[in-house]
Amino acid sequence: MKEPLDEENLAFLQGIAIFGGLLGDALERVASRLTERRVSASEVLFREGEPGREMCVIRSGTVEVYSTTGAVETRLAVLHAGACFGEMSLIDIQPRSAAVRASQASIIWSLTHADLAALWKSDPQSFTMIVMNIAREISRRLRRADRLIASVHRVVAGLEPEG
């Protein structure tokens, strides 16, 4: 951010799981590295398969995460203010596994891989906290995906009725 975040925005940032545990100066150091982007409805933020170099926080608005196979588009998630997306790219440095587009005009804050590397040099404790929080978030999502896969498998196997 060009200007320091005010108390309301700092409190908002601290309430996001990935930045949980960061207080005072540490939170302000992270906040100072965020870049704000205003996007319009239907604007694509990430494309599936492109290089991933940043994660984003939705400050306001809504985005949808989707994957495309052939001509079929599958919505994976709808995310609102306070949600993060793209954080896997800060950990595995792999191409994007899905695309993201704004469902409505949104304000997006981003943190790049370079920002995280700079934080590692200047504040290793905060860097570690963020990486551990990202790992926890990825783990929660994997557990949800496991439950969904198991549920689909039970339906396909005829062990549970659909719906």
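Do any strands (runs of 3 or more DSSP E) entirely within the range 5-96 hold 3 or more residues that are of a type in the set (D, E, K, R), and if so, which?
Qualifying strands (runs of 3 or more DSSP E): 35-39.
Of all residues being of a type in the set (Gly, Ala, Ser) and buried (at least 18 other Cβ atoms within 10 Å of the Cβ) in the range 84-109, which is modelled with the lowest pLDDT? Just the residue, please. If you could, list the steps in order and put the result at the bottom.
Step one: list which residues in the range 84-109 are of a type in the set (Gly, Ala, Ser), which gives 86, 89, 97-99, 102-103, 105-106.
Keeping just the survivors that are buried (at least 18 other Cβ atoms within 10 Å of the Cβ) gives 86, 89, 98-99, 102, 106.
Details: 86: 93, 89: 87, 98: 95, 99: 96, 102: 98, 106: 98.
Looking at residues that are of a type in the set (Gly, Ala, Ser) and buried (at least 18 other Cβ atoms within 10 Å of the Cβ), I get 89.
So how many residues does the range 105-163 have that are over 19 Å from the mean Cα position of the chain (by Cα), within 26 Å of residue 14 (Cα to Cα) and of a type in the set (Gly, Ala, Ser)?
Residues in the range 105-163 being over 19 Å from the mean Cα position of the chain (by Cα), within 26 Å of residue 14 (Cα to Cα) and of a type in the set (Gly, Ala, Ser): 2 in total.
Filter the range 151-163 for residues that are surrounded by 11 or more Cβ atoms within 10 Å (Cβ to Cβ) and not polar (S, T, N, Q); which is modelled with the lowest pLDDT? Steps first, please.
Initial filter on the range 151-163 (surrounded by 11 or more Cβ atoms within 10 Å (Cβ to Cβ)): 151-155, 160.
Filter again for not polar (S, T, N, Q), leaving 152-155, 160.
Working: 152: 87, 153: 84, 154: 83, 155: 85, 160: 70.
Looking at residues that are surrounded by 11 or more Cβ atoms within 10 Å (Cβ to Cβ) and not polar (S, T, N, Q), I get 160.
If you check residue 36 against the conditions, is it more than 26 Å from residue 11 (Cα to Cα) and either touching a Lys or Arg at 6+ places or on another chain (Cβ under 8 Å) or free of Cβ contacts under 8 Å to residues at least 12 places away in the same chain (or both)?
Considered against the rule, which asks whether it is more than 26 Å from residue 11 (Cα to Cα) and either touching a Lys or Arg at 6+ places or on another chain (Cβ under 8 Å) or free of Cβ contacts under 8 Å to residues at least 12 places away in the same chain (or both), residue 36 comes out as no.
Yes or no: the range 133-143 includes at least one residue that is of a type in the set (S, T, N, Q), exposed (fewer than 13 other Cβ atoms within 10 Å of the Cβ) and assigned to a helix (DSSP H, G or I).
For the range 133-143, residues of a type in the set (S, T, N, Q), exposed (fewer than 13 other Cβ atoms within 10 Å of the Cβ) and assigned to a helix (DSSP H, G or I): present.
Report yes if residue 60 is in contact with a Cys (Cβ under 8 Å, 6 or more places away or on another chain), modelled with pLDDT of 90 or more and closer than 23 Å to residue 11 by Cβ, otherwise no.
Details: in contact with a Cys (Cβ under 8 Å, 6 or more places away or on another chain): no; modelled with pLDDT of 90 or more: yes; closer than 23 Å to residue 11 by Cβ: yes.
When the stated conditions are applied, residue 60 does not pass them.
Please go through the range 114-130 and pick out each residue that is of a type outside the set (S, T, N, Q) and either in contact with a helix residue (DSSP H, G or I) (Cβ under 6 Å, 6 or more places away or on another chain) or buried (at least 17 other Cβ atoms within 10 Å of the Cβ) (or both).
Of everything in the range 114-130, those that are of a type outside the set (S, T, N, Q) and either in contact with a helix residue (DSSP H, G or I) (Cβ under 6 Å, 6 or more places away or on another chain) or buried (at least 17 other Cβ atoms within 10 Å of the Cβ) (or both) turn out to be 115, 116, 119, 120, 123, 127, 129, 130.
The values are calculated or read from the model by the stated rules, or taken from the named source; none is laboratory data. Owing to the predicted nature of the structure, the values given are computational and were not obtained by experimental measurement. FYI the Cβ positions are ideal-geometry reconstructions off the backbone, even for glycines, and counts take in every protein chain you see.
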